[in-house]
Amino acid sequence: MGADKSPRKWSVPAVSHRTLLLAAGIVVALLLLVFGIERWAFSPATESRGAPAATASTPSSGLPTIPAADLPPEGKAVLALIDKGGPFRYKQDDTVFGNNEGRLPKQARGYYHEYTVPTPGSPDRGTRRLIAGKDGDIYYTDDHYETFRQVIR
């Protein structure tokens, strides 16, 4: 009972170009879904989540105010992105802000969305944020939600 010492020949079934293209398309679609690329690729997704449109007047909150022109340059840039619905730099941007500290006017959950205002030199997102309400009200914090000033346009 001897073992066959002849080399094995492997055969690969023929695959059509159409099948290869279909498989490649499926892989690309799955990668887009897994890595969340569809979030910034399709602007209606961000608009449906409540990014406010620019308004000529700002609802009053009773909080201290800051004119939009006095925001830091990075804040002005983020405000412009909010107005046009993105795209945003951080995955946490345009997510619901829960107002858990209760420092903003009380609203239903989902009313507020938060956006990172980058801090030059910071190794992470830093402490500066813009919070946008569905009615066009915008709030700025530079101390990670300890205090807020309403942005006046």
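The values are calculated or read from the model by the stated rules, or taken from the named source; none is laboratory data. Worth saying up front: this structure is predicted, and the values here are computed from it rather than measured. Positions of Cβ are generated from backbone atoms using ideal geometry, with glycine treated the same way; all protein chains shown enter the neighbour counts.
Here's a check for you: in region 80-91, which residue that is surrounded by 13 or more Cβ atoms within 10 Å (Cβ to Cβ) and of a type outside the set (D, E, K, R) is nearest to Ile138 (Cα to Cα)?
Ile82
Residues of region 137-153 being assigned to a loop (DSSP other than H, G, I, E, B) and buried (at least 18 other Cβ atoms within 10 Å of the Cβ), which ones? Talk me through it step by step, then tell me what you get.
Keep residues of region 137-153 that are assigned to a loop (DSSP other than H, G, I, E, B), which gives 137, 142-148, 153.
Asp137, Asp142, Phe148, listed by residue number.
Please count how many residues of region 58-79 are out of contact with any strand residue (DSSP E or B) (no Cβ under 7 Å at 6 or more places or on another chain) and either surrounded by fewer than 11 Cβ atoms within 10 Å (Cβ to Cβ) or modelled with pLDDT under 95 (or both).
Residues meeting the conditions: 5.
Is region 98-108 home to any residue that is out of contact with any helix residue (DSSP H, G or I) (no Cβ under 7 Å at 6 or more places or on another chain), surrounded by 15 or more Cβ atoms within 10 Å (Cβ to Cβ) and outside any loop (DSSP other than H, G, I, E, B)?
Checked region 98-108: no residue is out of contact with any helix residue (DSSP H, G or I) (no Cβ under 7 Å at 6 or more places or on another chain), surrounded by 15 or more Cβ atoms within 10 Å (Cβ to Cβ) and outside any loop (DSSP other than H, G, I, E, B).
Among all residue pairs at least 6 apart or on different chains, which show Cβ distances below 7 Å where the first residue, located in region 134-153, is closer than 11 Å to Pro64 by Cα and in contact (Cβ under 8 Å) with a residue 24 or more places away in the chain and the second is among the polar types (S, T, N, Q) and not in a loop (DSSP other than H, G, I, E, B)?
Qualifying pairs under 7 Å: Tyr139/Gln150; Thr147/Thr141; Phe148/Thr141; Arg149/Thr65; Gln150/Thr65; Ile152/Thr65.
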